[in-house]
Amino acid sequence: MADTRMIKVLITGGLDSSLLMGMLSNCDLKIEAAPDMTVSAEKLAHFNYDAVVASNLSQGDASALSTLLKRHGEPSLVLVGKGPTPDYAATIRLDEGVTVHDLVTACRFPVHDIDDGRFQGPFDRRGLVGGSEALRRVLVIAEKVAATDSTVLITGESGTGKELIARAIHRNSHRCNAPLVVINCGAIPRELLESELFGHEKGAFTGAHRARPGRFELADGGTIFLDEIGDMSPDLQVKLLRAIQEKCFERVGATHSTHVDIRIISATNKDLTLAVAQNQFREDLYYRLNVIPIIMPPLRERRSDISLLADHFTDKLARRTGMDEKRFSQEAMAIMTAYDWPGNVRELENLVERFSVLVDGSVVEAEDLPPHFLAADSQDDDLPSLYLDVRHGVNFHESMEQHQKKLILQALNEANWVKAKAAELLNMKRTTLVEKIKKMKLEDGSVTTTV
Ligand SMILES: Nc1ncnc2c1ncn2[C@@H]1O[C@H](COP(=O)(O)OP(=O)(O)OP(=O)(O)O)[C@@H](O)[C@H]1O
Ligand SMILES: [Mg+2]
């Protein structure tokens, strides 16, 4: 039987490790990824893993891995996808189309008899990282809607992953072998958007030297993703409404209608109900588009995803650039997790890239963070001031000390460094406070550099 401590799993091999990480991120496992055998060797030498999940190994990697595993505690080896089977006793091979259930079962039980009954194919959430409850709720809807042809409206703040989820819905639908055609309604000048969407006939306007199909036709059999739909002009909204209602439209300058078989997914970071109330967006179109609403939660509502995403982006960047993967100190990660991320996942991704270029060592420290992160963390607000993701393990005593330090600094600042008053605010004896200030080496003004 599985024991109750956290099962530690290393993911390695040729397949996109973020896919496997994504699949396992919601499970009760401690997961790490190694992009190649060199990093795997290092990790296996330093940490005890219960299972190693390897995908698409080359012959060379397969034998290197079996030697490594024999040397380092003999964890079970779970193979996914194609590739040779290493000469290693504790090997479990899973078919392609592996499910989360298969993986978890294999990782937890170092035995060979995996349940042969196939589960429903998993929702392929490729590249969509996160294990929070809020994201899980979105994925549940996405999985259900992927199996249908229903129209979907994805809303959410900028950078929350609206396009990523639209792509996942298409990829998991029966339309996956036909195109997903993306059009950014906000980026194309309004006079060109109609012909971009619906195409045009030869001579329809100056410069239309030949007939051209629009994105609706190009998406035939597949999905059209109307991004930034809130920016569409009112006259085009009418034409779009008709195309959706009647499943046909006219190319600009055409005298006949064209029929297509498409699913429509649209997205916006605007509040469309407000736009409707202000007569900027047609109510009838809004209801046509909003059959299945998906609301992408901002990062501040799924703080437990922040460390997973940061690891994912450092891993991705290290692979792309060949540079060493950066790690985050516990203090830096605590501040990042408490930060509100107005730019959401995109802001986090950009920050990770900035670290990879600007931070010299292998560890990103709290002082490497932009100043506004530190300022935000030292603000006195109602939120828990030190949020830690315990799933990755925390140093309890260190965290408590940081927490105490923060409280004391807040009280001291509030009391203008009059210790008796600060002690009163903290319901603490003055002598105890003085002792702590000495022990923590706190000085007036250190609030900006300390958690
Ligand atoms: N859950 C996630 N896992 C991994 N990467 C993500 C996730 N969510 C978003 N990203 C990445 O963040 C960036 C922004 O995502 P995306 O373009 O899908 O967001 P958006 O909501 O469409 O943004 P905008 O409103 O600005 O168009 C992309 O690089 C995307 O790959
Ligand atoms: Mg987008």
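Numbers for the structure displayed
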read-out: Which of Tyr88, Tyr49 has the fewest Cβ neighbours within 10 Å, and the rest in rising order; value: Tyr88, Tyr49
read-out: Share antiparallel - DSSP beta bridges, the range 133-295, percent rounded to 5; value: 20 percent
read-out: DSSP bridge pairs, the chain: antiparallel proportion in percent, nearest 5; value: 10 percent
read-out: Within the chain, helix-based [θ] at 222 nm, where runs of 4 or more DSSP H residues each add -39,500 (n - 2.57), nearest 500; value: -12500 deg cm²/dmol
read-out: Table column - 3J(HN,Hα) (Hz), the range 202-208, Karplus curve with 6.51, -1.76, 1.60, x for Gly and Pro; value: 4, x, 5, 8, 4, x, 7
read-out: For Ser55, residues with placed amide H under 5 Å, excluding near neighbours; value: Thr12, Gly13, Gly14, Leu15, Val80
read-out: Loop-located GluC sites (Glu not before Pro) in the range 297-365, at most 15 other Cβ atoms within 10 Å (DSSP); value: Glu365
read-out: DSSP-loop trypsin sites (Lys or Arg not before Pro) across the range 163-268, with at most 11 other Cβ within 10 angstrom; value: Lys202, Arg210
read-out: Derived scalar couplings ³J(HN,Hα) [the range 210-222; Karplus, 6.51 cos²θ - 1.76 cosθ + 1.60; whole Hz; x for Gly, Pro]; value: 9, 5, 9, x, x, 5, 4, 5, 5, 8, 3, x, x
read-out: Pair Met400, Met323: separation of 7 Å Cα→Cβ label points (nm); value: 3.8 nm
read-out: Under 5 Å, built H, 5+ apart or other chain: amide partners of Thr91; value: Leu77
read-out: Sorted by Cβ neighbour density within 10 Å, fewest at the top, the residues Met232, Met428; value: Met428, Met232
read-out: Built amide H within the under 5 Å cut-off of Ala33, gap 5+; value: Ile11
read-out: Angle between the chain longest axis and helix 133-146 axis [Cα atoms, degrees, rounded to 10]; value: 20 degrees
read-out: Estimated distance in nm for a label pair at His259 and Asp271, the labels positioned 7 Å out from Cα along Cα-to-Cβ; value: 4.2 nm
read-out: The range 8-94: C-alpha gyration tensor shape, a/c 1.5 cut-off, then a/b vs b/c; value: rounded
read-out: Burial ordering of Thr85, Thr223, fewest other beta-carbon atoms within 10 Å first; value: Thr85, Thr223
read-out: Two-site FRET efficiency, Glu133 against Ala211, from Cβ-Cβ distance with R₀ of 45 Å, rounded to 0.05; value: 0.35
read-out: The range 277-333-the range 26-57 distance, computed between alpha-carbon centres (Å); value: 25 Å
read-out: ³J(HN,Hα), Karplus 6.51/-1.76/1.60, whole Hz, each residue of the range 159-166, x for Gly, Pro; value: x, 8, x, 5, 5, 4, 6, 4
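All of the numbers you see were taken from the coordinates with simple rules; none came from a lab. From a predicted model like this one, the values you see are computed outputs, not experimental measurements. So basically every Cβ, Gly included, is an ideal-geometry build from the backbone, and we count neighbours across all protein chains shown.
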